[in-house]
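Worksheet: the structure to be examined is printed underneath.
The values are calculated or read from the model by the stated rules, or taken from the named source; none is laboratory data. Remember, it's a predicted structure, so these values are computed and weren't measured experimentally. Here the Cβ positions follow ideal geometry from the backbone for every residue, glycine too, while neighbour counts run over all protein chains shown. Surface areas here come from the heavy atoms of the whole protein model, side chains and all, with no ligands, DNA or RNA. Shrake-Rupley method; radii C 1.70, N 1.55, O 1.52, S 1.80 Å.
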Amino acid sequence: MSREPSAGRRARAAAPRGRLPPRAFDVTDGCLTPPDLADGSATVARLTSRSRPRPAWLVLGLAILAAALTGPGQTIGVSVFIDHFVDDLGLSRSEVSGAYMVGTLVGASLLPFVGRFIDRRGVRVAQVAIGLAFGVALVNMSLVNGLVWLAVGFAGIRFLGQGSLSLAATVTVQIRFERRRGTAVGLFTTVSGGLMALVPVVLAVVIAAVGWRQAWLLAALVVVAVVVPMALFGLRDLPTGRRGSAEPAGSGHDRGAAMRTASFWMLAAVTGAAGMMSTAMNFHQIDLLGDAGLSETAAAALFVPQVLGSTIAGLAIGYVADRIGTRYLPAVSMVLLLGAQLLGAVAAPGVVALAYAVVLGAAGGAVRTAAITLQPTWFGTGHLGSIQGALTLFGVGASAIGPVVLTLVEESLGSYPPALVVLGAVPVAALLFALGPNRGPAAI
């Protein structure tokens, strides 16, 4: 007895010789690319037109610009307003610092919820919502009139700018690229960091021209006018999150599964160590290098070679990730961080101080590039927002306590050199964790 041929067999028999009917989408650079389609299918044609996202390098450029516009919510952007808060609001510097730490920790605690929102709705919708909310938070900063309001304002710009908008831009690059993800991430971290370094300069000029309250309003206008249209038109049809990922439904790790792996906690340890110690050394750089014999101007100027070190390391790590592998990249970043701390302990005017700045910048660039590249490789792209949000929580939390820890150890030991040597235990512990066996998505 002959059997009725299946629908799939009938479709293949009816297809022209040498051409199969459409069955699936191929993956190229993390995006959906339609195969050769049978003629005459209007439905498939419409699906194809909706499934082809913007060119990869255009999306990379938009993500870089979005990350750069987080500047008013970053420490380097806020730094130019500190003296104005002290003078105009009648606050002490310690009160402003305390409000900033509280705001940073509160903002960081909310990031896992933003990551889940990005996974569910995609980066396009998320970036529109974040851009509008960040604009409102920047307007609020122009109205602050006391310590509590300032702390609330800090929480808003740290949560929405330094945290949420950075998270959306990062996930955009992670999902849009696959084969050349390391190179793309290296460019993303280094170019956005370089552009972000211009933000305090621009804000300082605006403050001198129109005042600090008006500077916050102008920053809000620029963020909303650029970030929102950029997401609406530039990220259209970008396959992101569980609603549009190139991976099959259910693939990869969700946040809970990722947090049950040794790999997640290794990345948390590495990013936390870098956030803690890099922020601590940057926060106290003027005082630290002043004790080593550098003038205040010379110590401040060493922030520039940090950008150079970050750029070199970010591009190099991205290149290595694409062509050699990712196994030892987190360990390399911890070696650089330990080297920066030891150089800081023996810092002196001239070559040693310059080397300290370059290596410290390189450690930061290496950590960011390695962590962003490894997450989709180990955990898939279906839940990247939630996973990245959790890792960012640890990194930002560690950066908030870093300056306080270095101050306490320095006061206990009497100077910065022994304090930096003792705190070398932080990158060493993370280094040993990174060198442990079975790094990858295997569960603990």
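For this structure, a couple of remarks:
- Among residues that are in contact with a strand residue (DSSP E or B) (Cβ under 9 Å, 6 or more places away or on another chain) and in contact (Cβ under 8 Å) with a residue 24 or more places away in the chain, PHE379 is included.
- Residues that are over 19 Å from the mean Cα position of the chain (by Cα) and either β-branched (Val, Ile, Thr) or more than 15 Å from GLN388 (Cα to Cα) (or both) were ranked within the stretch 103-132; the one that is least open to solvent (accessible area, probe 1.4 Å) is LEU132.
- Selection within the stretch 132-155 - closer than 19 Å to MET196 by Cα and at pLDDT below 95: PHE154
- Some residue of the stretch 119-131 being modelled with pLDDT under 90 and among the hydrophobic types (A, V, I, L, M, F, W, C): yes
- Test set (1) open to solvent by less than 30 Å² (accessible area, probe 1.4 Å); (2) at positive phi - ALA371 fails condition number: (2)
- Scanning the stretch 345-352 turns up no residue that is of a type outside the set (Ser, Thr, Tyr) and open to solvent by less than 10 Å² (accessible area, probe 1.4 Å).
- VAL352 vs. criteria under 21 Å from VAL421 (Cα atoms) and free of Cβ contacts under 8 Å to residues at least 24 places away in the same chain: yes
- Condition broken by ARG116, with the remaining ones in (1) at pLDDT below 50; (2) in contact with a Ser or Thr (Cβ under 7 Å, 6 or more places away or on another chain); (3) under 27 Å from THR172 (Cα atoms) satisfied: (1)
For (1) open to solvent by 60 Å² or more (accessible area, probe 1.4 Å); (2) out of contact with any helix residue (DSSP H, G or I) (no Cβ under 6 Å at 6 or more places or on another chain); (3) modelled with pLDDT of 90 or more, each residue gets a yes or a no:
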| position | (1), (2), (3) |
| --- | --- |
| LEU37 | no, no, no |
| PRO55 | yes, yes, no |
| VAL59 | no, no, no |
| PRO72 | no, no, yes |
| ILE76 | yes, no, no |
| VAL80 | no, no, no |
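- Cβ-Cβ under 6 Å pairs, at least 6 apart or on other chains, the stretch 132-152 side over 17 Å from ARG93 (Cβ atoms) and of a type in the set (Ser, Thr, Tyr), far side assigned to a helix (DSSP H, G or I) and open to solvent by less than 90 Å² (accessible area, probe 1.4 Å): SER142/ARG213; SER142/TRP216; SER142/LEU217
Condition check ((1) open to solvent by 50 Å² or more (accessible area, probe 1.4 Å); (2) touching a Lys or Arg at 6+ places or on another chain (Cβ under 7 Å); (3) at pLDDT 85 or above; (4) part of a helix (DSSP H, G or I)) across all residues:
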{"site": "ALA215", "(1), (2), (3), (4)": "no, no, yes, yes"}
{"site": "VAL228", "(1), (2), (3), (4)": "no, no, yes, yes"}
{"site": "LEU238", "(1), (2), (3), (4)": "no, yes, no, no"}
{"site": "PRO248", "(1), (2), (3), (4)": "yes, no, no, no"}
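- Matching residues, the stretch 405-419, being without any contact (Cβ under 8 Å) to a residue 40 or more places away in the chain, surrounded by fewer than 19 Cβ atoms within 10 Å (Cβ to Cβ) and either part of a helix (DSSP H, G or I) or of a type in the set (S, T, N, Q) (or both): LEU408, VAL409, GLU411, SER412, LEU413
- Selection status of GLY194, over 15 Å from the mean Cα position of the chain (by Cα), in contact (Cβ under 8 Å) with a residue 24 or more places away in the chain and under 30 Å from LEU315 (Cβ atoms): no
- Whichever residue in the stretch 375-390 is over 16 Å from the mean Cα position of the chain (by Cα) and among the small types (Gly, Ala, Ser) and, among such residues, is surrounded by the fewest Cβ atoms within 10 Å (Cβ to Cβ): GLY380
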